[in-house]
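Coordinate-derived values only; no laboratory data. These figures come from a predicted structure and were not determined experimentally. Cβ atoms come from the backbone with ideal geometry, glycine included; neighbour counts cover every protein chain shown.
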Amino acid sequence: MLATFSYARFPDGKSTVGEDVEKLKQRQPLLDYLRQQNWDASPAGHGSSEFVGLCPLHRETQPSFYVNARKNLFYCHGCGQGGDLIRFIELSRHLSFRQSLTYLEQQGTPAVDSATVLEQAAAFYQAQLERYPEALRYLKQRGLHDPALIKELRIGYAPGGSLRRHLTQHGYSFDLLRRVGLLNSQGRDTFYGRVVFPCCQDGRLVNLYGRSLGAAFAHRFLPGPKGGLYAWERVRQCPAVILVEGLFDYAVLWQAGFRHVTCSLGIHLNACQLRQLCDGSRTVYLSFDVDANGSGPQASQRLAHRLQAQGITTRRVLLSHGHDPNSFFVQGGDARQFQSLLEAAQP
């Protein structure tokens, strides 16, 4: 367990300086800083706010370095050193107290390893899915019924009310979770009441997409880039790919056996996604929503022209009015019928 110790630098008469020091430490929680320095830690107990790992201050083979994420303190039972973030900076960088303050001030807002935080959140959401029948019913309503595929896509559910507690118990600060976008300004789960899909690029989780179960909440991404084409690594060597707009379109096509499908996560492709489609010689089958306002077909036509200008062969899949690949399968379409649509696709 973490030893009890005191660490004070300023007498009561210098409360203003002390307040500035506290602000510095709050801006950069100790555990966040250590993780940025690649400190590998494990929870010291179930539900505990303490973490243990090898001491960064001396050589050892058995973990003896404890961090209390709630109190923002560390102590090593091996070398006997302990304190707060500033004390750790002093010891690890061989700086004076005031030099350590200057160092922290120069760091500015700490860089967030968002992929690590998002991985933890995605794993939490995935673990919740089986516990909430309403989420499983929604997936079935959207035509997704294969448990193996649901697991493979790492689909989860955000019931609300427990994400903050779960992640703070794992040492992630409230400020960090706010900056990443997982919590709103009131500390509530951003994805409350939504089915959640992880979005990866080059094997790294870059965003999460929440699909609302009903009309009460909007569908949403976290702030920041949505990444490249969904699951592009699986299809980049294929001579032909099917490009769809939404993740449920992707999921039902994959479930039906179409393994050369990718998803743009919307009708507007970013520069990275366009580069991916144009990085080789291939045929791209565009299967966007045929919606009432015409935005899907218009976007499909504009994209076809842009790809053709880059030497990419395109074909537009002609679905019935009001349909997308997801609704095509939900309303009784099958793989053979969709294959016929691909064969009838027009330039």
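Remarks
- Hits among aspartates and glutamates - C-alpha to C-alpha of LYS140 under 14 Å, sequence gap 8 or more where chains match: GLU130, ASP249
- Taking trypsin sites (Lys or Arg not before Pro) in DSSP loop conformation with at most 11 other Cβ atoms inside 10 Å as exposed sites, the chain has its longest uninterrupted site-free stretch at 132-347.
- Percentage relative contact order, the chain, counting C-alpha pairs under 8 Å, at least six apart: 10 percent
- Label of the coordinate-derived value, Rg and Dmax of the Cα atoms in Å, listed as (i) 25.1, 82; (ii) 18.9, 63; (iii) 20.1, 64: (i)
- 222 nm mean residue ellipticity, helices alone, for the chain (DSSP H n ≥ 4; -39,500 (n - 2.57); rounded to 500): -11000 deg cm²/dmol
- If you bin all the Cα-Cα distances of region 290-331 at 10 Å, starting from zero, the percentages per bin are 27, 45, 24, 3.
- GNM top mover of PRO29, PRO63, PRO159 - the chain, alpha-carbon springs below 10 Å: PRO63
- Straight-distance crosslink candidates among aspartates and glutamates, where the alpha carbon sits under 14 Å from LYS25 and sequence neighbours closer than 8 are dropped: ASP84, GLU90, GLU105, ASP175
- Base-10 log of normalised Debye intensity for region 118-236 (one unit scatterer per alpha-carbon) at q = 0.09, 0.11, 0.22 Å⁻¹: -0.23, -0.35, -1.37
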